[in-house]
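Only the coordinates and a few stated rules stand behind these numbers; no lab work does. Fair warning: this is a prediction, and the values are worked out from it, not measured in the lab. Cβ sites come from the backbone with ideal geometry, for glycine too, and all protein chains shown count toward neighbours.
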Amino acid sequence: MIFWRLSKRIQLRPVKLCLAGVVRSSFRSHRGLTSQAITSELPTGGAPGGSLDVLGKSYPRDDHSNVPGKILSKVGKNLHNRKHHPLWLVLERVKHHFYQQYVGPFGTPLFSVFDGLSPVVSTWQNFDSLLIPEDHPSRKKGDNYYLNRTHMLRSHTSAHQWNLIRAGLNAFLVVGDVYRRDQIDSHHYPVFHQLEGVRLFNKHQLFGDIKDGEPLQLFEHSSRSSHKQETHTLEAVKLVEFDLKQTLTKLVTHLFGEGLEIRWVDCYFPFTHPSFEMEINFQGEWIEVLGCGIMEQQLVNSAGAQNNIGWAFGLGLERLAMILYKIPDIRLFWSEDERFLKQFCVPNINQDVHFQPLSKYPALVNDISFWLPPQNYSENDFYDLVRTIGGDLVEKVDLIDKFEHPKTQRISHCYRITYRHMEKTLTQEEVMHIHRSVQARAVQLLGVEGRF
Ligand code: PHE
């Protein structure tokens, strides 16, 4: 994240396209307006005192609290768990890939998946557990959402690494919403989603397949005992780095297909060494999609896995989805617009989705009411019928009123059909033509009695 990259790279490419993915560049905070613009959005923690309630827990406010209500309202939305949402779709594909490729003992998946961990973490989890120094600029109030001095909305899923290793896991994925203060435009949004991956190896797992690998060691034994087990051997580093890069290359190849051009760029994170970013060539432009590296041994040791060496990666799901489905604007992920959401309702997660930009042309709305037949009426039959007749002109169909006649007990439904063309303004005549045939077919096929 911020300031964690080598400044050399920042200077080289100060205006690189940033899709609110994994790593944000430090120049962001130098772009002036950003912090003020968001501060003026009235953080809920303006004055100390009182408390903030998030996901059923209460956090006393203090002079660090700076989460605006707008941001709090995103907590718990979990877009990545919403069926057929593009983030869900990408995530399903990623999970599927890991389940298929990496099988543990007894045929169970090697990687455990955590997608429900609370985005509220302690500052210790978000920073200290990852060896990020007390005075590190990435802790700035201007770049993070603090509930108070001790708790915050996680700024990356790496915040869970330590606890999960401590819990004894040696291969896991963590998915979730992460929060970073930023302006909002087509490529930046203060909430986005990350996927974290961690894999640890003990000596036998790493060298087991190597011929005559028996004497190979994970750690250089330094003469000073206090530094014992902190330096990796060259063989260990080579193998872990190879495994990491191979794992990630396979993953993106699975998502984007063969022929994808990728490159590895050296970078810097306080919790991995060496560290890399993967960039993929998208329509002639190199776009960074993930950060990764070999875990600092001090972190692994302090989490109680001292006989292991490991890798970790963190990737931005929005960034992948934007490239994969050619979604032009990160704000669309938060859209409730049927025209956006319905494009991802594919029966098979691997099906190609060619995202169609939303129409700028106005919608025409017409209602239809009828008495239901005494039996065998299903709302879904009506929806299917409307879509069959109206095709892509039908943007959505909503049941807006139900009514039971007090005397006859007959039930009436009223549906609102929204029509919209992708390339032109529809006329009322054109729409009426379709609407009338919906009426006629509903009577004919569903046995309803029109109240037209
Ligand atoms: N947490 C880092 C970020 O959000 C990405 C990362 C994860 C880098 C794991 C290395 C290892 O910027």
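Given a Förster radius of 51 Å and the C-beta distance between Thr253 and Asn301 as r, what FRET efficiency does 1/(1 + (r/R0)^6) yield to the nearest 0.05? Kindly include the intermediate steps, with their values, before the conclusion.
On the way: r = 34 Å, r/R0 = 0.66.
E(calc), rounded to 0.05, equals 0.90.
Return the distance in nm (one decimal) between the two label points of a simple spin-label model at Ser73 and Val353, each offset 7 Å from Cα along Cα→Cβ.
Roughly 2.4 nm, to one decimal.
Per-residue counts of other Cβ atoms within 10 Å, averaged by peptide: what ranking do you get for 110-121, 53-64, highest first?
Details: 110-121: 17.1, 53-64: 13.9.
The packing order, highest mean first, is 110-121, 53-64.
Work out, step by step, the length gained on full extension between Glu336 and Tyr361: first 0.36 nm times the residue separation, then minus their alpha carbon distance; give nm to one decimal.
Working: separation 25, 0.36 × 25 = 9.00 nm, distance 1.78 nm.
My answer for the length gained is 7.2 nm.
List every residue whose amide H lies under 5 Å from the amide H of Val103, counting only residues 5 or more places away in sequence or on a different chain, with H placed 1.01 Å from N in the peptide plane.
Long-range HN contacts for Val103: Leu110.
Any chance you could get the radius of gyration and Dmax over the Cα atoms of the stretch 36-185, in Å?
17.2, 55
Give the long-range amide H neighbours of Phe276: residues separated by 5 or more places, or on another chain, with amide H under 5 Å away, using H modelled in the peptide plane at 1.01 Å from N.
HN-HN under 5 Å from Phe276: Cys267, Cys292, Gly293.
Mind sorting Asp143, Asp212, Asp398 by how few other Cβ atoms lie within 10 Å of their own Cβ, fewest first? Each step should come with its number before you reach the end.
Values: Asp143 21, Asp212 7, Asp398 13.
Listed from fewest to most nearby Cβ atoms, that is Asp212, Asp398, Asp143.
Fewest to most neighbouring Cβ within 10 Å: what's the order for Ile389, Ile210? Don't skip to the answer; put the middle values down first.
Working: Ile389 18, Ile210 11.
Fewest-to-most Cβ neighbours within 10 Å comes out as Ile210, Ile389.
Evaluate the distance, in nm, between pseudo-label points positioned 7 Å from the Cα of Thr427 and of Val237 along their respective Cα→Cβ axes.
7.4
So how much slack lies between Val103 and Glu220, counting 0.36 nm per residue of separation and subtracting their Cα-Cα distance, in nm? Please report the intermediate quantities before stating the final value.
Details: separation 117, 0.36 × 117 = 42.12 nm, distance 3.06 nm.
39.1 nm is the gain from fully extending Val103 to Glu220.
What ranking of Val94, Val346, Val300 emerges when the number of other C-beta atoms within 10 Å of each C-beta is taken as an exposure proxy, fewest first? Please report the intermediate quantities before stating the final value.
Numbers: Val94 22, Val346 12, Val300 25.
The most exposed by this proxy come first: Val346, Val94, Val300.
Ratio of Rg to Rh for the chain, alpha carbon only, Kirkwood?
1.06
Would you please give the FRET efficiency between Asp62 and Arg166, computed as 1/(1 + (r/R0)^6) with r the Cβ-Cβ distance and R0 = 22 Å, to the nearest 0.05? Let's see the in-between values first.
Values: r = 28 Å, r/R0 = 1.26.
After rounding to 0.05, the efficiency reads 0.20.
Post the alpha-carbon centroid distance, the stretch 291-352 to the stretch 91-145, in whole angstrom.
11
From the phi angles alone, apply the Karplus equation (6.51, -1.76, 1.60; θ = phi - 60°) to the stretch 215-221 and give each ³J(HN,Hα) in whole Hz, x where the residue is Gly or Pro.
Karplus values, whole Hz, x for Gly and Pro: x, 5, 10, 7, 10, 7, 8.
When averaged across all projection directions, what area in nm² does the alpha-carbon convex hull of the stretch 138-222 cover? Write out the running numbers ahead of the final one.
On the way: hull surface 37.1 nm².
Averaged projected area of the stretch 138-222's Cα convex hull equals 9.3 nm².
What order, most packed first, do the peptides 163-171, 374-382, 273-281 have when packing is the mean number of other Cβ atoms within 10 Å of each residue?
Values: 163-171: 16.7, 374-382: 11.8, 273-281: 18.7.
Put in order of decreasing packing, that is 273-281, 163-171, 374-382.
Holding the Cα-Cα limit at 31 Å, pick out from Lys141/Lys326; Lys250/Lys396; Lys77/Lys326; Lys57/Lys396 the pairs that are longer than that.
Lys141/Lys326; Lys250/Lys396; Lys57/Lys396
Over the stretch 263-403, what lengths in whole Å, largest first, do the semi-axes of the equivalent ellipsoid take, defined as the square roots of 5 times the eigenvalues of the alpha-carbon gyration tensor?
Details: eigenvalues 479, 82, 30 Å².
Taking √(5λ) for each Cα gyration eigenvalue gives 49, 20, 12 Å.
Determine the gain in length on full extension of the stretch Arg441-Cys414; use 0.36 nm per residue of separation and subtract their C-alpha separation, reporting nm with one decimal.
On the way: separation 27, 0.36 × 27 = 9.72 nm, distance 1.58 nm.
Extending this stretch completely gives an extra 8.1 nm.
Let me spell out the model: positive unit charges on the Cβ of Lys and Arg, negative unit charges on the Cβ of Asp and Glu, origin at the Cα centre of the chain. What dipole size does that give, in debye rounded to 20? If you can, show how the numbers build up before the last one.
On the way: 51 positive and 49 negative charges, 129 e Å.
Dipole about the Cα centre, nearest 20: 620 debye.
Would you be so kind as to identify all helices of the chain, as entire DSSP H runs, whose Cα atoms reach 30 Å or more along the helix's own axis and whose mean Kyte-Doolittle hydropathy is at least 0.0?
On the way: long enough: 234-256 (32 Å, 0.51).
What comes out of the filter, once short or polar helices are dropped, is 234-256.
Amide H neighbours of Lys396 under 5 Å, at least 5 residues apart or on other chains, H built in the peptide plane: list them.
Amide H neighbours of Lys396: Thr418.
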